[in-house]
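Some notes on the structure that comes next.
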Amino acid sequence: MSRLKSTFRAVQSVMILVIIAVTNVLPAHSQTRHDAFSVLLERFVVMDEAGASFVDYDAWKGDAAARQALDAYVADLASMDLQKIEDRDTQFAAWANLYNALTVQLVLDNYPVDSIRQIKSGLFSNGPWKRKLITVAGQKFSLDDIEHGILRERWNDPRVHYAVNCASIGCPNLMPQAWEADTLDDKLDEAARIYVNHPRGVTVIEGNRLKLSSIYKWFREDFGGDEQGVKEHLARYADTDLTDALQRGATISDYGYDWSLNDAGNIK
């Protein structure tokens, strides 16, 4: 049975490479370019019972064809001039997918690690985010360049924070499918709802208080600029329990973030 499973996985990895080879002849704006990444995510992203996503880095690192497929997908995106894609949703999806693929690639290159912050971009850095990882249309980009210089700056949409994944348990989910232009708005809303209603995002605690992800503190300007703005943002995606707390006037009392690697081995 294990031999049959290994054979199936090898065939699946080869199929991913075929998908990439085929999409290389498609126009840059074609959504099917991201199919190869979706196949990889569907295979290696696993969900816990509460709906948080984790990545089976161990299995991915051990599968040479799957690693080659990821590298080929990243190279395919880098071969395009993403900034010249006219449709905004298509361009957003491409940059967000590139960010997530680069992050997975970076972790696989350094795995095993307990936290992505152990991967440095410089002697005194607290993580890899400033390291120049990719060249697109002759310009070198770091993860920070993509997230802050492109996605946050150009789209001015708080849902950017639910689109990019920093390989940490405290981060919004790495979704099990790549971003696509035709479903982008609905899928960003879905990602926001998942995070806001999970304890990583918001925890309602006794005494009418809220403990929030530090994302809402670090990037408060993206969520309305003050506590009221943050609460209004949360209310747009809140399920019943959080909605009730917000309507009772719950106050934000604490922030927190878990930088442990979102490794499938850490599922409790």
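The values are calculated or read from the model by the stated rules, or taken from the named source; none is laboratory data. Values in this document were obtained by computation on a predicted structure and should not be read as measured data. Cβ: placed from backbone, ideal geometry, glycine included. Neighbour counts: every protein chain shown.
Any chance you could count how many residues in the range 197-218 are closer than 19 Å to GLU153 by Cα, surrounded by 17 or more Cβ atoms within 10 Å (Cβ to Cβ) and hydrophobic (A, V, I, L, M, F, W, C)?
Narrowing the range 197-218 to residues closer than 19 Å to GLU153 by Cα: 215-218.
If we keep only those that are surrounded by 17 or more Cβ atoms within 10 Å (Cβ to Cβ) too, we end up with 215-216.
This time we only want the ones that are hydrophobic (A, V, I, L, M, F, W, C), so: 215.
Residues flagged as closer than 19 Å to GLU153 by Cα, surrounded by 17 or more Cβ atoms within 10 Å (Cβ to Cβ) and hydrophobic (A, V, I, L, M, F, W, C) within the range 197-218 amount to 1.
Can you pull out the residues in the range 152-167 that are buried (at least 20 other Cβ atoms within 10 Å of the Cβ) and either closer than 23 Å to ASP109 by Cβ or of a type in the set (S, T, N, Q) (or both)?
Selection gives ALA163, VAL164, ASN165, CYS166, ALA167.
For residues that are hydrophobic (A, V, I, L, M, F, W, C) and modelled with pLDDT of 95 or more, scanning just the range 250-268, find the one that is farthest from the chain's Cα centre (by Cα).
ALA250
With respect to ASN126, determine if the residue is touching a Cys at 6+ places or on another chain (Cβ under 8 Å), part of a loop (DSSP other than H, G, I, E, B) and of a type outside the set (Val, Ile, Thr).
Taking the combined requirement at face value, the residue does not satisfy it.
Basic (Lys, Arg), closer than 29 Å to VAL46 by Cα, in contact with a strand residue (DSSP E or B) (Cβ under 7 Å, 6 or more places away or on another chain) and not in a helix (DSSP H, G or I) - does that describe any residue in the range 99-122?
no
With the checklist (1) in contact with a Cys (Cβ under 9 Å, 6 or more places away or on another chain); (2) over 21 Å from VAL160 (Cα atoms) in hand, flag the one item ALA66 doesn't pass.
Only one criterion in (1) in contact with a Cys (Cβ under 9 Å, 6 or more places away or on another chain); (2) over 21 Å from VAL160 (Cα atoms) is unmet by ALA66, namely (1).
Against the condition without any contact (Cβ under 8 Å) to a residue 60 or more places away in the chain, among the β-branched types (Val, Ile, Thr) and under 20 Å from ALA101 (Cβ atoms), how does THR183 come out, does it pass?
For THR183, the condition - without any contact (Cβ under 8 Å) to a residue 60 or more places away in the chain, among the β-branched types (Val, Ile, Thr) and under 20 Å from ALA101 (Cβ atoms) - is met.
Looking at the range 186-210, I want the residues that are within 18 Å of ASP222 (Cβ to Cβ) and have a partner that is assigned to a loop (DSSP other than H, G, I, E, B) and among the hydroxyl-bearing types (Ser, Thr, Tyr) with Cβ atoms under 9 Å, at least 6 apart or on another chain. Which pairs are those?
Partner pairs satisfying both residue conditions: ARG200/TYR257.
Would you mind finding the one in ALA94, ALA75 that is among the hydrophobic types (A, V, I, L, M, F, W, C), surrounded by fewer than 19 Cβ atoms within 10 Å (Cβ to Cβ) and not in a loop (DSSP other than H, G, I, E, B)?
Within the list ALA94, ALA75, the selection yields ALA75.
Can you spot a residue in the range 120-132 that is among the aromatic types (Phe, Trp, Tyr) and exposed (fewer than 13 other Cβ atoms within 10 Å of the Cβ)?
yes
Just give me the residues in the range 206-246 being modelled with pLDDT of 95 or more and not in a helix (DSSP H, G or I), in sequence order.
Answer for the range 206-246, where residues must be modelled with pLDDT of 95 or more and not in a helix (DSSP H, G or I): ARG209, LEU210, LYS211, LEU212, SER213, SER214, PHE219, GLY224, GLY225, ASP226, ALA238, ASP239.
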